[in-house]
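For reference, the structure I am asking about is given below.
The values are calculated or read from the model by the stated rules, or taken from the named source; none is laboratory data. Everything numeric here is computed off the predicted structure, so don't read it as measured data. Backbone-built Cβ (ideal geometry, glycine too); neighbour counts: all protein chains shown. In case anyone asks, the SASA skips ligands and DNA or RNA and just uses the protein heavy atoms, side chains included. Shrake-Rupley method; radii C 1.70, N 1.55, O 1.52, S 1.80 Å.
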Amino acid sequence: MNKKISLGLALSLIAIASAVTFILTSFFSLQSFNTKVVDVNEKAKKYNALQSLDTYVRENFLGDIDEKTLSDGILKGYISGLDDKYSKFLSEDEYLAEQSEDEGQLIGLGLTLDEDESGYIRIAKIMNESPVEEAGLRVGDIITIIDGVDVLQAGFDESVEAMRGIEGSEIRLTVRRGGIDRDYTFTRRSMEVITVSGKMLNDMIGCITITNFKKNTPQQFLDTLERLTSNGAKALIFDVRDNSGGMVDVLSNCLDPLLPEGVIATAEYKDGHSETLIYSDETNLDIPIAVIVNKNTASAAELFAASLRDFGGAKLVGEKTFGKGVMQKTTEFSNGGAVVLTVAKYKTAVSECYDGVGLTPDVAAENSSEDFDMQLQAAVDTITQEILQ
């Protein structure tokens, strides 16, 4: 027998349900409101503190204030406060220089510099067909004066920064060799950075060295790969020692001809969603592969090595890698600068993220010396065994 409820009771139940809904909605809305109020108050404290500091400095600072430099410094300080070693704010000049570098173009003299024990600047590497190579400078030469300023007086970091400049600008250097100083005037120019080189080690094994991953790396990589396979390479060694990474989004073009079809690597963002970073089509090079790594192999270079191991059966040879498995996004700001911000973790589609951990080699090999490359020999021995199997 069905029981009927009175109209009054029905209305009472509806009223109670509405009241409960209202109370719950109000509670969660209040929680949200309180959170927002706290957030706003915290932000207000930060901005008020900054305003107070600005007022104090402008009233008391003895020197002159460059407003653009001050603005860049404030933005740099904010990003620095995140305590993330990979995030940074770039000034307009720094951003332009980074864009050029990402393109695989270097504006300058074609030098890699180190600090000499004397405190001066020592030339560590010289690019082929660069202004300094054409002038006859050599590795080991010492730069003592830059545009009339002594390096010891200016400091090493400031002197290296003074070497930067726009294409077409001139720079005067005093270079010491064998205790004799000589003055040079150079014009900075744009040069293509060569990040890939390759050679045949014997009749069957080719070796491809990758020093960084830039926008022009894939074409250099494909050209080198084609040349070595055409010369009879039946196995390949990839050398990514001291490769600090570069641009992750160029890896697909390098790995695609080597690996089977499918998703190779993904990135996971703050909100939990994932995106494909590396995808390979059905064409692949089915030959033995080894990858030489060391403690300075990082970021994109680690992902390159991990992808070849997980999907190409490659053996990693050398030392445990650096362990950078996070990705940065560069966003341009209205003032001409840009923020480089860590936004995601990445990994291969079958392995865990190696950030802060690194990749452990399959074949451990000691550091190579100037006289003998022990890690390369270990890679050759490893891959020769695979060929003979």
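With no solvent and one point per C-alpha, what does the Debye sum give as log10 I(q)/I(0) for region 45-192 at q = 0.08, 0.15, 0.17, 0.21 Å⁻¹?
Values, matching the q order: -0.32, -0.90, -1.04, -1.30.
Now a separate question. What is region 200-240 by shape, rounded, prolate or oblate, if you read a ≥ b ≥ c off the alpha carbon gyration tensor as root eigenvalues and call it rounded for a/c under 1.5, prolate for a/b larger than b/c, and oblate otherwise?
Because a/c hits 1.5 or more and a/b fails to exceed b/c, region 200-240 counts as oblate.
At 1.4 Å probe size, with every protein chain present, just tell me what the per residue accessible area of region 161-214 comes to in Å².
For region 161-214, the solvent-accessible area averages 57 Å² per residue.
Roughly how many Å is it from the Cα centre of region 189-240 to that of region 138-168, as a whole number?
Measuring centre to centre over Cα atoms gives 33 Å.
How would you classify the chain from its alpha-carbon gyration tensor, with a ≥ b ≥ c the square roots of the eigenvalues: rounded for a/c under 1.5, else prolate if a/b is greater than b/c, otherwise oblate?
Verdict is oblate for the chain.
Mind ranking 138-146, 251-259, 105-113, 286-294 by how tightly packed they are, going by the mean number of other C-beta atoms within 10 angstrom, highest first?
286-294, 251-259, 105-113, 138-146
Taking only DSSP H segments of four or more residues, each worth -39500 (n - 2.57), what value at 222 nm results for the chain once the sum is divided by all its residues, to the nearest 500 deg cm²/dmol?
-11500 deg cm²/dmol
Additional query: Does a label point 7 Å from the Cα of Asp66, set along Cα-to-beta-carbon, have any residues of region 88-105 with amide nitrogen under 14 Å, and which are they?
Of the residues in region 88-105, 91-94 have backbone N under 14 Å from the label point off Asp66.
Also, quick follow-up: How much accessible area per residue does region 348-389 have, in Å², with a 1.4 Å probe?
Value for region 348-389: 64 Å² per residue.
Leaving ligands, DNA and RNA out of it, report the carbon-plus-sulfur percent of the accessible area of the chain at a 1.4 Å probe.
53 percent
Further question: Full extension from Lys43 to Thr360: what is 0.36 nm times the residue separation minus their Cα-Cα distance, to one decimal in nm?
Residue separation times 0.36 nm, minus the Cα-Cα distance, leaves 109.8 nm.
Which entries in the list Lys45/Lys68; Lys295/Lys347; Lys43/Lys76; Lys88/Lys270; Lys43/Lys345 go over 20 Å, if you measure between the two C-alpha atoms of each?
Table pairs above 20 Å Cα-Cα are Lys45/Lys68; Lys43/Lys345.
Rounded to whole Å, give me the distance from the Cα center of region 67-118 to that of region 366-389.
So the separation of the two Cα centres works out to 37 Å.
Here's something else I'd like to know. Using the beta-carbon distance between Asp381 and Gln328 and R0 = 30 Å, what value does 1/(1 + (r/R0)^6) give for FRET efficiency, to the nearest 0.05?
0.20
Can you pull the one-decimal nm distance between simple spin-label points at Gln105 and Ser369, each 7 Å off the Cα toward Cβ?
So the two model labels end up 4.4 nm from each other.
Moving on. If you rank Lys43, Lys295, Lys85, Lys270 by how much accessible surface each has, with a 1.4 Å probe, what is the order from largest down?
Reading off the accessible areas and sorting them downward yields Lys270, Lys85, Lys295, Lys43.
Most mobile of Glu92, Glu352, Glu370 per a Gaussian network model of the chain (Cα springs, under 10 Å)?
Glu370
With angles folded into 0 to 90 degrees, how steeply does helix 92-102 sit against the dominant principal axis of the chain? Use alpha carbons for both and round to 10.
Long axis of 92-102 versus the principal axis of the chain: about 70 degrees.
Separation between the Glu161 and Leu388 pseudo-spin-labels, each 7 Å from Cα along Cα→Cβ, expressed in nm?
According to this spin-label approximation, the distance is 5.6 nm.
Provide Glu133, Glu302, Glu170 ordered by accessible surface of protein heavy atoms (probe 1.4 Å), highest first.
The ranking, largest first, comes out as Glu170, Glu133, Glu302.
Helix 7-60 versus the longest principal axis of the chain: what is the Cα-based angle in degrees, 0 to 90, to the nearest 10?
Approximately 40 degrees, to the nearest 10.
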